[in-house]
Amino acid sequence: MATEPQRIAPFVDESRFLDCVHCGLCLQACPTYVELGTEMDSPRGRIYLMRALNDGALAMTPEVARHLDLCLGCRACETACPSGVHYGELIEGARELVERQHRRGWFDRWQRRAIEWVFPHPARVRALLAPVRLARRVGVWPLVTKLVPLAAMIPSEGDPAPLPEIAPAEGPERHRVGVVLGCVAREMFSATNRATVRVLARNGCTVVAPSMQGCCGALSLHNGSRAAARDFARRLVDAFPDDLDAIIATAAGCGALLREYDALLKDDRVYAQRARRFRAKVRDVSEWLATLPIEPPPAVAPIRVAYHDACHLAHGQQVREQPRALLRAIPGVELVDLPEAELCCGSAGSYNLTERAMASRLQTRKVDNIVSTKAACVVAGNPGCIMQIRAGLRRRGIDIPVLHPVDVLDHAYRGLPLT
């Protein structure tokens, strides 16, 4: 018997769907369409599904939920779209509806709940990593990665050293900025956070890194938990003082959501105005450094570098040239073009945990493109991308570093090799 559509309150303003003229220019920008070639796994096809759901003309079946789940949320379609469709807003609204109406299998439910319970909380991430660090110390980690391939994504950092809440500028203070440390990044990419503080301080910025800050809410929002995302957003707004010139993000996924706090909290009478002020100060670290006359970095040993565009940096924040300019400014760096540089690597927040098959296909595609450049170093402006690409390269037996742009600049300032 066919499932009857369930009447629901619209999850998004109907006018948002009318922006789409179904021209199809988004199709070749969509990673799942490029891989599968199916209309319902394209932005245009998913918009058809979402509009029918919003109108109550379509029931939330497992097949419909599957097409929506398979979307990476990379927003490459927004860059390709000539009509300015706010696809990110549509898919986030639809995901909230999926979580309300679709009954997942027990493993899928358990996995998604575990992801939300652990990863937005730095203390829980640290506890999760304790066995990893023990395995590395006793020398059995290579065996673990062979038995559990996903373990290859975990960075090899030691215990993260705490950052000072305030790091003074070196020399005269030119700006006072805050740094968003992240939740997973706080534990797995603490070296990048420390590099960010050093580079900013070296270039005249007093850096404020409040210890009470937590998750930005992106992971919860992408998993359909809008209420939880709003709670995280309020806490992050509360964590930062009002006297900052900029709020710096080093994770592309975090930065993209921080720039949308005004929309996320628009109906909150207490936080709406504060969210607008907060959002106006958000900058990616490469974007911010590009506005400064930074200290010229010294030369590094000649090295061929490929740059991967993190989706939420290129498409969510429209930051593309600034990281490349930062890399080109370092003598000795030869920046080479990476084929399909803006195509998703398959990380996409927790996507590489919940949609492993598609994530693996995109990871393989990305590694193939990197290999074609003969690069000796890969750079990406998002921790998730870095983990995904590192794991793909290691599985291929390719031992080259994958770094954040600010890591590369910090290495140059400190005279450290990039290899």
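The values are calculated or read from the model by the stated rules, or taken from the named source; none is laboratory data. Computed from a predicted structure; not experimentally measured. Methodologically, a virtual Cβ is constructed for each residue, glycine included, from the backbone with ideal geometry; neighbour enumeration extends over all protein chains shown. Heavy atoms of the whole protein, side chains included, go into the accessibility calculation; ligands, DNA and RNA do not. Shrake-Rupley method; radii C 1.70, N 1.55, O 1.52, S 1.80 Å.
Compute the length gained on full extension between ALA325 and THR419: take 0.36 nm times their separation in residues and subtract their Cα-Cα distance, giving the result in nm to one decimal.
Taking ALA325 through THR419 to full extension adds about 31.8 nm, to one decimal.
Multiplying the sequence separation of ALA127 and VAL371 by 0.36 nm and subtracting their Cα-Cα distance, what value in nm do you get?
84.3 nm
State the Cα centre-to-centre distance between the stretch 307-352 and the stretch 371-408 in whole Å.
If you average the Cα positions of each part, the centres end up 11 Å apart.
Report the label-to-label distance for ARG136 and GLU295 in nanometres (one decimal), using points 7 Å from each Cα along the Cα→Cβ vector.
Between ARG136 and GLU295, the simple spin-label model gives 2.8 nm.
Relative contact order, percent, of the chain when contacts are C-alpha pairs under 8 Å separated by at least 6 residues?
Relative contact order for the chain comes out at 14 percent.
Keeping the other protein chains in place, figure out the carbon and sulfur percent of the accessible area of the chain, with a 1.4 Å probe.
That fraction is 56 percent.
Counting only the heavy atoms of the protein chains, how much of GLU99 is accessible to a 1.4 Å probe, in Å² to the nearest 10?
Roll a 1.4 Å probe over it and GLU99 shows about 70 Å².
Nearest-5 percent of antiparallel DSSP beta bridges in the chain?
In the chain, DSSP labels about 10 percent of beta bridges as antiparallel.
Can you give the FRET efficiency to the nearest 0.05 for ASP245 and GLU334, using r as the Cβ-Cβ distance and R₀ = 30 Å?
E(calc), rounded to 0.05, equals 0.35.
Along the stretch 318-327, what does the Karplus equation 6.51 cos²θ - 1.76 cosθ + 1.60 (θ = phi - 60°) give for ³J(HN,Hα), rounded to whole Hz, x for Gly and Pro?
Running phi through 6.51 cos²θ - 1.76 cosθ + 1.60 with θ = phi - 60° gives 6, 10, 10, 7, 4, x, 5, 4, 4, 5 Hz.
Can you give the relative contact order of the stretch 1-130 as a percent, counting alpha carbon pairs under 8 Å and 6+ residues apart?
Reported as a whole number, the value is 28 percent.
Looking only at THR364, THR291, THR354, which one moves most when the chain is put into a Gaussian network model with springs between Cα atoms under 10 Å?
THR291
Nearest 0.05, what FRET efficiency do ALA357 and GLU173 give at R0 = 35 Å with Cβ-Cβ as r?
So the FRET efficiency works out to roughly 0.10.
Can you give the accessible area per residue of the chain, in Å², using a 1.4 Å probe?
Accessible surface, normalised per residue, equals 43 Å².
Please work out the Cα center distance from the stretch 170-215 to the stretch 36-66, rounded to the nearest Å.
41 Å
Please list the non-local residues whose amide H lies under 5 Å from the amide H of LEU403, H modeled 1.01 Å from N, same-chain partners needing a gap of 5 or more.
VAL378, VAL379, ALA380
Where nothing but the Cβ of Lys and Arg (+1) and of Asp and Glu (-1) is charged, how large is the charge dipole of the chain around its Cα centre, in debye to the nearest 20?
1020 debye
I'd like the accessible area for ASP69: 1.4 Å probe, protein heavy atoms, all chains in place, Å² to the nearest 10.
20 Å²
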